[in-house]
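Novice: Encoded as structure tokens, here's the structure I'll be asking about.
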Amino acid sequence: MQFIDQFISELDKALRVVSGVVAASRPNPATALAEVPLSDAEKRHSAGLMRINHVGEVCAQALYDAQGRFAQSAALKQQFAHAGIEEEDHLAWTAERLHELGSHTSLLNPLWYAGSYVLGSIAAHVGDARNLGFVAETERQVEQHLISHLDKLPAQDIKSRAIVDQMRQDEVAHAEAAVALGAAAMPLPVRGLMQAMSKVMTTVAYRI
């Protein structure tokens, strides 16, 4: 019965994540900011970038769920649970911003989630140090990706920029926490493969 309950709980969360039905535990950093008029082209561009960020958070939920479930130590399970809550905030914030921009989340969210869950499961089964190393490298790459979005977003889209900047700060903290817990450095070929996979995801998610 415990296995069945856990399966139902995880399935329920997966369905909520891919459909965008999640609630944030922290206030949206853009709530107090005024909506500045954007041209149609600027809205489409901002929406494309925020859709990429939303997909990244869908992937993060799947990764952290899988990595936490199969992690070997209790401390690591706790760290994944804590980080997962903050990533869920990001998921809710980006979904809300997409709605404000008159756009939609990625139609491929179920695929992104399933693929990321598999990757997270593999990372967890190669040991806690490698598991943490995968987190640290992922968060470093996400940080660079978010910095690039701060450059690409329209300067006047202050609401999207506020969300992205808070996400960046959180990702830095997650990487630092993983390193503090004993993350092992990822081999260069693995880092390259992660970058290539990220490039595919960002290119597709911007449009679909």
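Novice: For Cα pairs less than 8 Å apart in space and 6+ apart in sequence, what is the mean separation divided by the residue count of the chain, i.e. the relative contact order in percent?
Specialist: Relative contact order here is 29 percent.
Novice: Provide Rg and Dmax in Å for region 98-141, with only Cα atoms included in the calculation.
Specialist: Cα-based Rg and Dmax for region 98-141 come out at 14.5, 43 Å.
Novice: How many lysine pairs in region 39-205, separated by 8 or more positions in sequence or lying on different chains, have Cα atoms less than 23 Å apart?
Specialist: 4
Novice: To the nearest 500 deg cm²/dmol, what mean residue ellipticity at 222 nm is calculated for the chain from DSSP H runs of n ≥ 4 alone, each contributing -39,500 (n - 2.57), summed and divided by the residues?
Specialist: Helix-only estimate at 222 nm: -27000 deg cm²/dmol.
Novice: Spelling out what I want: for every residue of region 196-208, take phi, set θ = phi - 60°, compute 6.51 cos²θ - 1.76 cosθ + 1.60 (Karplus), and round to whole Hz; glycine and proline get x.
Specialist: 5, 5, 5, 4, 4, 4, 5, 5, 6, 5, 4, 9, 10
Novice: For the chain, modelled as a GNM with alpha-carbon contacts under 10 angstrom, which of Asn28, Asn53, Asn131 fluctuates the most?
Specialist: Per the Cα network of the chain with a 10 Å cutoff, Asn28 tops the list.
Novice: Looking at the square roots a ≥ b ≥ c of the eigenvalues of the Cα gyration tensor of region 137-208, which shape do they give, rounded for a/c under 1.5, prolate if a/b is larger than b/c, or oblate?
Specialist: Taking the square roots of the gyration eigenvalues as a ≥ b ≥ c, region 137-208 is oblate.
We did not get these values from a lab; they are worked out from the coordinates using the rules stated. Values in this document were obtained by computation on a predicted structure and should not be read as measured data.
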